[in-house]
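Written below as structure tokens is the structure these notes are about.
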Amino acid sequence: MKVAIFSVCSLFGKELFVPLPFELHEKVIEEQRFYLAPPSSLAKSGYFIELWGTLAFDLEHAACFTKIQPQKELDEILSIYSVAQKITKARSILGDAWLFSLENFSGKGKIIAVHLESQRREESDFFCLDYELSIDVLRMRRELDSLTQKISGRPGIASLPIFYSMQKDPKVFCGQIWMAHYDGRFAKPLTRPDDYAICPIGFTSFGERYILFVSYLEGIPKLFLQKVGSLERLNVSNLRGNQLLPTINKNQANIAFVSDATGQAEIFFQSFHPTKGAIGKPIQLFSRPGSVQASPTFSPDGSSLVFVSDHGGTPRIYQLSLADRMLQKGKAAPKDLGGPLGEATSPSWSPDGKKLAYSAKVGTVRQIWVYDFALEKHTQLTTGFEDKENPSWAQDSLHLVYNTTSPSYQLYVLDLLTKKPFRITCGEGRFHYPYWEK
Amino acid sequence: MEREDFIIHIGRNKVKKKSIARAGAHLFAALFLTGCSLWNGNLWEDAKTSARYIQRAGQSLVGDVQESKLVANQWEFYASSEEDFIPVEENDLHNTPSTTKANQQGLMQAKKLPANAKGQKPTSSDFLSPAGQLASIFTTLHFATDEHVLYKQESIDALKKMAIYLKRNPNMYLFIEGHCDKRASEAYNLALGTRRANFIRQFLIKEGIEADRLFTVSHGKERPIDFRDHKDAFAKNRRVEFKIYQV
């Protein structure tokens, strides 16, 4: 029986070793301990309580861990595996424990205990706190993402930011792009306060973080590129007319956006450099007289594009092979992806390429749906009376962020496994057009 | 991913030697295969490609030498140097008439506006809502549900009045702002807002206003004037407004 002992960073709690059978990987995962080094006087200060609370939140919401209520549930779980000797010690310890259910990923139903320690050991990884909450939380989240990757093979999401547009007063035409942690905390504005900026796409290239977004600063909405931390911006494209609803390819070498350069809203494909903007001429991808096209999204491998078009009467979602279009075979007819009849819009292709999230009306209320490409099946993910739009995937393809538009504009994160959304914004103002960095 | 930059030298001698030979080879292949009744769509594309080479070869013979041009990707071969973008081909539209060509070359919006009074690139603060007499000319126009065309005579008359004023004031630039009601999604509405604005723009062009003085702006449903969830509010929000920029 292979045994894995796994531990994650500790703040409080006592030693708890719970050896369990572990069959996910062929080799035993090495023991990994993290020890935060607080001065003793601060050991139980509010600062650490906040860090502890953040870790608990992240384990549950970002790392797919399920918190187990002490003792009773732990007994039940441990009894399944008939682990000897050290169980006695485990049962005598109170404190929080998080169990990661591999059922979510493998269906095997095996469990790994994650436990916490407060005593430093020689082999502990050690990092000093900065006592700046945003920095320490980010560092903790990066470690947690690394842990998630190691256990599940899926990328972690806790350390990647969400970008969104925020308009403080809906009656005043000013709005900025903001960046925040995935739980909505540590939010900060990135663009000029006198601008109206929407549709952010955040990405990291050559070690720097950038945003691609739509700005009305020049009167007509145009695409701009800006490094996070700077207010200098670069025009992305010289294409005439409005430039709206950008999206970027996984390799950051291409973008697609909507423009009315031809006299109607159409999708254009553009070669792109992350720091220089557009390269060469944009390519018109699709046109139908008298119709409107919107919301392009790339497949992760860059071979296809999904977009919205109303050339069939009402807005629906279509898939277009980019290879067919680029070779101008004349057969580049987009494929209608079917789905509910209720005005399907704002599609977003999952990073693993397997799913498409979008918004569609169910009766009179917009809900978030997901389309499985392999099964060709549409599934409604959300319920409730709030209109929901603009889903954006996290890089694990298991979480989505979206915004409501009624009764108010707020951002929510949805875990596809639990189907439980949690709100990450509050207060007055319109929070919308979210984008989760991947 | 690495980007491939193609540097194409289209000089007289190179075209003469390489392209003619290549064109000849393609032409021979096309004729041979046609004779063997092995026709398919790909062959037609190759024949068109051959014709382009022959054309360029002919141009180089009469001295119309193209300068070296850096192209970002292979698809730029399909665009003429005058075009701002690489258009979708007619046959991609499955024999339906294209509106795109009608809007190219001379009917498209200008790339730039003239500098403002300070000699700077204009920003949104330079585009003014019409006031006084102008407000009665450039009046807000409202649309019926799901419509982007104006049918009422009073709306048509208003547009003609705008056209007359614009003709008398050649230094005036007009921003046509399309707005939508809240019922469709905000992303789709951003694209939809261009539809109403472009209808107005094309109407004014037909009335004789220069295309490069008219600009569209889509606000989608980002700027409602009535925030209620009621059909009266929807009717107020389905509108086109105007901003003026004068040099």
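The values are calculated or read from the model by the stated rules, or taken from the named source; none is laboratory data. Fair warning: this is a prediction, and the values are worked out from it, not measured in the lab. Cβ sites come from the backbone with ideal geometry, for glycine too, and all protein chains shown count toward neighbours. With ligands, DNA and RNA removed, areas are computed over all heavy atoms of the protein, side chains included. Shrake-Rupley method; radii C 1.70, N 1.55, O 1.52, S 1.80 Å.
Structure summary
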item	result
25 Å Cα-Cα threshold exceeded, pairs from A:LYS168/B:LYS221; A:LYS171/B:LYS243; B:LYS118/B:LYS236; A:LYS171/B:LYS236	B:LYS118/B:LYS236
Under-5 Å amide H pairs with A:PHE272, H placed in peptide plane, nonlocal only	A:ASN254, A:ILE255, A:ILE279
FRET efficiency, 1/(1 + (r/R0)^6) with R0 56 Å, evaluated for B:ASN171 and A:ASP352 via beta carbons	0.50
Table column - 3J(HN,Hα) (Hz), segment A:375-383, Karplus curve with 6.51, -1.76, 1.60, x for Gly and Pro	7, 6, 10, 9, 10, 7, 9, 10, 9
Buried solvent-accessible surface, both chains (B, A), 1.4 Å probe, Å² to nearest 100	5500
Segment A:318-324 - phi-based ³J(HN,Hα) in whole Hz, Karplus 6.51/-1.76/1.60, Gly and Pro as x	10, 10, 10, 7, 5, 4, 4
Residues whose placed amide H lies under 5 Å from that of A:GLY156, excluding near-sequence neighbours	A:GLN149
Which of A:LYS388, B:LYS206 is most accessible, then next, and so on - probe 1.4 Å	B:LYS206, A:LYS388
Nonlocal amide H pairs with A:ALA394, under 5 Å, H built at 1.01 Å	A:HIS399, A:LEU400, A:VAL401
Spin-label proximity, A:SER303 to segment A:354-394 - amide N less than 20 Å from point 7 Å beyond Cα toward beta carbon	A:354-357, A:371-377
Whole-Hz ³J(HN,Hα) from phi, Karplus 6.51 cos²θ - 1.76 cosθ + 1.60, for segment B:182-193, glycine and proline x	7, 6, 7, 5, 5, 5, 4, 5, 4, 6, 5, x
Ranking by accessible area, most exposed first, for B:ARG168, B:ARG195, B:ARG183, A:ARG142 with a 1.4 Å probe	B:ARG168, A:ARG142, B:ARG183, B:ARG195
